[in-house]
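Okay, so here's the structure we're looking at.
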Amino acid sequence: EVLFEKFQVSSGFFAKQAVLTSYAVARFKALVIELGGKGVEVAPVVDGYVQQKNIRHARVGGEILDEELGKLIRAYAEKEVDPFFACHRAVRVLDESNPGTSSKVVEDRRQDLSNVAGSYLDWAKADVVREIREKVCRVAASPEEAASQMEEVKKRGGQVTENSSAAANASSSSASAAPSHPPVAAAAAAAAAVKPDPGAGSADRYVLPDGTEIETAPYVVSVYERLFDPSLMPSIEGFEGLPQMVVSAVSGVDSEIRRELLGATVLTGGLAMAPGMSNRIGRELKKRPELGMGSGDRLRMVRFPRPEESICSAWIGGSIFASLGSFREAAVTREEWEESGLKVLENKCP
């Protein structure tokens, strides 16, 4: 209504994301698994149409996983995640009062966040947690690997280290005992205590924006494992796990079409880029007898030429569809809208 009556567009077509994703990979029959920020959706596409009755949706996406990761960090590291702008990072500045030194180190200090809107502060914290998830977490190759790693973490316990904070405290205490204008050697020593960039750490540690180092072991596989093992998120009601969602969606499709769908399985969305996601889903589905895959059947994951294209697959498919010669016939014109209203959308854009 807004497009036709307010913006006076001449024609348009309203397509579902799963259909456009199938166009993006040049398939008219595909099983589209969308792993987005707001949720997960499994949709069978047959001959360019989504089978509505077999769509499965769950409100478990990147945002929920980020909340779970935030809980884990609070539990193991025993601290809140600060946003990037909460702390001034140590920097070198020209020491004009002492020409004999080239620079001095200005100590870190926390920002006053009392005037920051609560909604923006929550978003900024969530953005830090999202970056941790994208840089640190991966999908375990199997449930056994995930269980083994999580059990090992429980036995030894996740720890938080204050190496950088201790170094900063030592630096400030030594600076208080030193002259007000330290020589070049002292300035260099103080500069060595500057906290590293957020995220810059060894493979098993992550540096938070305030300089605190945390172990990554408690989070590496446990976060994404929640998509496969719903028991790890008891607070989410009705979520049966991603593999079971796929089985439930495919089971309602005719057996002959089922083979074609499983042979053109498409992962899309930001979570699809998680390391190991495609391989894990493939292994889980091959173990499901409900799918009725015979010895000659094979499950095939259709991959995009570039991994980042999975994030904008619907836009890619939309551009392809709009460039087809048949688009003009399929599109709803303004004249058709003025004559039939919403009814024409139901007929031409199912």
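Each residue was assigned an accessible area with a 1.4 Å probe, and for THR268 the value is about 10 Å².
State in Å² the accessible area per residue of the range 309-350; use a 1.4 Å probe, count heavy atoms of protein chains only, and round to the nearest integer.
Heavy-atom SASA per residue in the range 309-350 reads 67 Å².
Among the listed pairs LYS6/LYS29; LYS6/LYS343; LYS38/LYS155; LYS16/LYS343, which are separated by more than 28 Å between their Cα atoms?
LYS6/LYS29; LYS38/LYS155
The share of Cα pairs per 10 Å bin across the range 15-65, counted from zero up to the longest distance, runs 29, 49, 20, 2 percent.
Model label sites at SER148 and VAL2, defined 7 Å from Cα along the beta-carbon direction, differ in position by 5.2 nm. Per-residue SASA remark: TYR120, around 110 Å² accessible (1.4 Å probe; ligands, DNA and RNA not included).
One way to sum up the overall shape of the range 217-334 is the equivalent ellipsoid from its Cα gyration tensor, whose semi-axes run 30, 21, 15 Å, largest first. Taken along the Cα-to-beta-carbon direction at a fixed 7 Å, the label points for GLU338 and SER319 span 3.3 nm.
The values are calculated or read from the model by the stated rules, or taken from the named source; none is laboratory data. Because the structure is predicted, anything quoted here is derived from the model rather than measured. Neighbour counts run over all protein chains shown; Cβ positions are idealised from the backbone, glycine included. Just so you know, the surface numbers come from the protein's heavy atoms only, side chains and all, with ligands and any DNA or RNA stripped out. Shrake-Rupley method; radii C 1.70, N 1.55, O 1.52, S 1.80 Å.
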